[in-house]
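The values are calculated or read from the model by the stated rules, or taken from the named source; none is laboratory data. Keep in mind that what you see is a predicted model, and the values were worked out from it rather than measured. Cβ placement follows ideal geometry from the backbone for every residue including glycine, while neighbour counts extend to all protein chains displayed.
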There are 4 protein chains.
Amino acid sequence: MGRSARLNKQMRDASTRRILKAALRHFATHGYAGTSVRMIARSAGVSVGLLYNYFPTKADLLGALFEESMRDVQASFASADAAATPSERIERLVRSAFEILEKNRDFWRLSYGVRMQPAVVTGLGKRLEMWTATIQSTLGRYLREAGSRQPELDAALLFALIDGVSQHYVLDPRGYPLAEVADRIVALFTRYVDSTAPDST
Amino acid sequence: MGRSARLNKQMRDASTRRILKAALRHFATHGYAGTSVRMIARSAGVSVGLLYNYFPTKADLLGALFEESMRDVQASFASADAAATPSERIERLVRSAFEILEKNRDFWRLSYGVRMQPAVVTGLGKRLEMWTATIQSTLGRYLREAGSRQPELDAALLFALIDGVSQHYVLDPRGYPLAEVADRIVALFTRYVDSTAPDST
Amino acid sequence: MGRSARLNKQMRDASTRRILKAALRHFATHGYAGTSVRMIARSAGVSVGLLYNYFPTKADLLGALFEESMRDVQASFASADAAATPSERIERLVRSAFEILEKNRDFWRLSYGVRMQPAVVTGLGKRLEMWTATIQSTLGRYLREAGSRQPELDAALLFALIDGVSQHYVLDPRGYPLAEVADRIVALFTRYVDSTAPDST
Amino acid sequence: MGRSARLNKQMRDASTRRILKAALRHFATHGYAGTSVRMIARSAGVSVGLLYNYFPTKADLLGALFEESMRDVQASFASADAAATPSERIERLVRSAFEILEKNRDFWRLSYGVRMQPAVVTGLGKRLEMWTATIQSTLGRYLREAGSRQPELDAALLFALIDGVSQHYVLDPRGYPLAEVADRIVALFTRYVDSTAPDST
DNA sequence: CATGAATGAGCGTTCATTCAT
DNA sequence: TATGAATGAACGCTCATTCAT
């Protein structure tokens, strides 16, 4: 009857994990196009053939990595949504964005490196577009609830700010004042309620 | 310089321009890795051999494109520097950033697509780092002069904001409210003097 | 033979049959080289490992299919041999050739597709050569008995005719007048008896 | 201005010829699927890259070989068409079929090896089908003109006979009595004129 | 200055086969 | 007996780069 189903699953999972880990590391370091499937397989300590047993194409590797991380982001959103006040929702969102970023720097480096390359993003494309649209509209809703007079515009700004900071951080994390920046952003975008000048200290 | 020498130079310049134009178009559309030197040569209407006479490697093409655009940015900085008040310097800088962006969308698309890939950026790397460092410190100086109490932090924020907006715009320019965003950014970062709430309309 | 041994044999036979059936279908449809062992195993509902238990190499699958069909042909020959007159022997041979063809189109499609590729036919080669030699000499004998003045030459012609018709039929059976063709061939090659030499110069 | 156009053409033609020659040899010997592009390039004494300069895909190599040989066949047909009497037309056709066969055994071996593999023949397919249809209908016309009472059926027979003989010859030319077979076929299919119906029932 | 024929390492992918369980 | 995870050589093809002319 072959190996036990449990053992098979264990072997499969172990290999899959190592492959994904190696793929992420290389994609983040050398970019998607600059990484060969051979490099990934060698780093993961498996044969090319086995890699292709689990991921039918190189693009599927990328897809799996995105799938994984989108779950993280979705969880953050859900948690932010549960907060009591509008301001808190915004704060949680911003803070968790940077937490996710720090926790998974390699993935975000990869993500930002790949986003501009339409050929690579094909297939990923639809999901990515929906993703950013969701983020933008959620931000808009939170900001309107928090008293913003131009929630759409503010959402665009906030989103761009988070994205820009994330990229700068990911490009060269050494010495980047991520915590202070986060505080400042939170302050800037949660002060609508008490009509205080948001950028004054 | 004899007549034929001058003619030669003219031809060389014309070819160079055509090559760079074709390179930019393809790099922006298909990415750096996704563009072959052959494609560029054909689009430019020259032979591969000639292209290699002018640009010894594919990376040199990329380098030349960056060189060109850095000159643009430097010019903007110089012009901003000439403004009368600190606030005006900031305003000019922000506005010219977005002007440059609109004028040369292809380049910025390419730039953001390539920035995360160290292998590609090798050689470019040093210059790019210096570039961003200069921008950051100039922004810091302006902001300090404009009354910011945390000019370094504000510079990081402003830089990230400009970069983030630029990328979102370049990813999908249709319907992006670039002008309003610019106004808002200018307002946000030039209000230190009169202590007015920066996000009120 | 104990009960479980018999059961084992039954299972083995059932698997073997399913594997061969699947192999034939795929070989005929996609060609020998275009069919992977995996595809066959999946179609047969067995694991690759089990398939390799029964057929040590891919070529052995092909070999087994040929073996099977050679038995068919041999049976036809034996039956033809039992006929009363030379003409009847020839008629039976021709008719059964086309019966076998219609009954097992997939196999003959495969056979004609593979015949010209020595690398594929290695190992098969010797047996195939002997096979055709036997057919040719049997045909020759029948024709001599039936009164042909050049039995070897006529055998070559008859063999070529059967083979050519078979291939044309198998290439595109729709609308091929197989029955009429058979009648005509029989007529052509059984008229020696009445000593009218329709084909003599 | 680069090499002279003439020299370039010479180089290109020389390489192309060597590549096609090597391709034909290998395809005929090991089959289409069994031949790797590397093998062809090595045999031709060129690099893989150069081969792909001239033949964008492996299938194009096959296509070029077919193109070449179809021209031969078409020429034969034209020449047969010019004959004075129906019988002569048939005779010329049959004889030239076998002449072409002897002159280019490798190609015909390849052709028969490939005909049954739909995947390979894709693209070739349409042309091949038209080709055989043309042959069949031309044969039919000739036979009707020559007095056949069932020209379509006779055409099918004659075509199958030529094809069958060709394949047997090509499979193992040593000792195959091609000349005698040709004579016999000509005799069989040109006797309609004297209104002795040798094949009528 | 200008051409394009020529190179060959490397890419993503497939697949017959092996073997621990 | 039966499984499917694992291997790695080979495939078709691409492409940055060189060089004789």
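Residues of the stretch D:55-84 being more than 11 Å from the chain's Cα centre (by Cα) and exposed (fewer than 13 other Cβ atoms within 10 Å of the Cβ), which ones? Within the stretch D:55-84, D:Pro56, D:Thr57, D:Ala75, D:Ala78, D:Ala82, D:Ala84 qualify. A:Ala59 passes every criterion in (1) farther than 30 Å from A:Leu188 by Cα; (2) touching a residue at least 12 places away in the same chain (Cβ under 8 Å); (3) more than 16 Å from DNA strand F (Cβ to nearest atom) apart from (3). On the stretch given as the stretch C:64-104, residues that are more than 24 Å from C:Leu178 (Cα to Cα) and part of a loop (DSSP other than H, G, I, E, B) total 3.
Across the stretch A:114-127, the qualifying residues are those that are assigned to a helix (DSSP H, G or I) and without any contact (Cβ under 8 Å) to a residue 24 or more places away in the chain, and the one among them that is farthest from the other protein chains (Cβ to nearest Cβ) is A:Lys126.
Annotation: A:Ser43 fulfils all but one of (1) more than 8 Å from DNA strand F (Cβ to nearest atom); (2) out of contact with any Leu (no Cβ under 8 Å at 6 or more places or on another chain); (3) modelled with pLDDT under 95; the unmet one is (3).
Criterion first (away from DNA strand F (no atom under 16 Å from the Cβ) and not assigned by TED's automatic domain parsing to the domain that holds A:Asp163) does A:Thr85 satisfy it?
No; evaluated as a whole, the condition is false for this residue.
Please specify each residue of the stretch D:169-188 satisfying the condition of being more than 11 Å from every other protein chain (Cβ to nearest Cβ) and touching a residue at least 12 places away in the same chain (Cβ under 8 Å). Show your work before the answer.
Start the filter on the stretch D:169-188 by keeping residues that are more than 11 Å from every other protein chain (Cβ to nearest Cβ), which leaves D:173-174.
Matches in the stretch D:169-188: D:Pro173 only.
Against the condition in the same structural domain as A:Gly140 (by TED's automatic domain parsing), under 30 Å from B:Gly34 (Cβ atoms) and surrounded by 15 or more Cβ atoms within 10 Å (Cβ to Cβ), how does A:Val114 come out, does it pass? Yes, satisfied. Whenever a residue of the stretch D:152-168 is within 7 Å of another protein chain (Cβ to nearest Cβ) and without any contact (Cβ under 8 Å) to a residue 24 or more places away in the chain, its partners that are polar (S, T, N, Q) and surrounded by fewer than 23 Cβ atoms within 10 Å (Cβ to Cβ), lying with C-beta atoms within less than 8 angstrom and at least six residues away or across chains, give the pairs D:Ala156/D:Gln136.
On the given criteria, is A:Arg71 touching a residue at least 24 places away in the same chain (Cβ under 8 Å) and either near DNA strand F (Cβ under 10 Å from one of its atoms) or not acidic (Asp, Glu) (or both)?
Values: touching a residue at least 24 places away in the same chain (Cβ under 8 Å): no; either near DNA strand F (Cβ under 10 Å from one of its atoms) or not acidic (Asp, Glu) (or both): yes.
No; evaluated as a whole, the condition is false for this residue.
So if I check each of A:Ile100, A:Ile90, which one is touching an Asp or Glu at 6+ places or on another chain (Cβ under 6 Å) and modelled with pLDDT of 90 or more? Before you say what the answer is, go through the steps one by one.
Working: A:Ile90 fails: touching an Asp or Glu at 6+ places or on another chain (Cβ under 6 Å).
The match here is A:Ile100.
Counting only helices (runs of 4 or more DSSP H) that fall entirely inside the stretch A:1-63 and contain at least 1 residues that are within 10 Å of DNA strand E (Cβ to nearest atom), within 14 Å of another protein chain (Cβ to nearest Cβ) and of a type in the set (Gly, Ala, Ser), the qualifying elements are A:48-54. Residues to consider are A:Ala23, A:Ala14, A:Ala5; find the one that is crowded, with 16+ Cβ neighbours inside 10 Å and either within 24 Å of the chain's Cα centre (by Cα) or near DNA strand F (Cβ under 10 Å from one of its atoms) (or both). Selected residue: A:Ala23, the only one of A:Ala23, A:Ala14, A:Ala5 that is crowded, with 16+ Cβ neighbours inside 10 Å and either within 24 Å of the chain's Cα centre (by Cα) or near DNA strand F (Cβ under 10 Å from one of its atoms) (or both).
Scanning the stretch A:135-150 for residues that are under 20 Å from B:His168 (Cα atoms) and surrounded by fewer than 20 Cβ atoms within 10 Å (Cβ to Cβ) returns A:Ile135, A:Gln136, A:Ser137, A:Thr138, A:Arg141, A:Gln150.
If we scan the stretch D:135-144, do we find a residue that is within 16 Å of DNA strand F (Cβ to nearest atom), touching a residue at least 60 places away in the same chain (Cβ under 8 Å) and in a helix (DSSP H, G or I)? Checking the stretch D:135-144: not a single residue is within 16 Å of DNA strand F (Cβ to nearest atom), touching a residue at least 60 places away in the same chain (Cβ under 8 Å) and in a helix (DSSP H, G or I). Among the numbered conditions (1) in the same structural domain as B:Thr190 (by TED's automatic domain parsing); (2) over 26 Å from A:Ala119 (Cα atoms), the only one that B:Leu7 does not meet is (1). Comparison of B:Glu145, B:Glu102 shows that the only residue that is more than 9 Å from every other protein chain (Cβ to nearest Cβ) and closer than 26 Å to B:Thr29 by Cα is B:Glu102.
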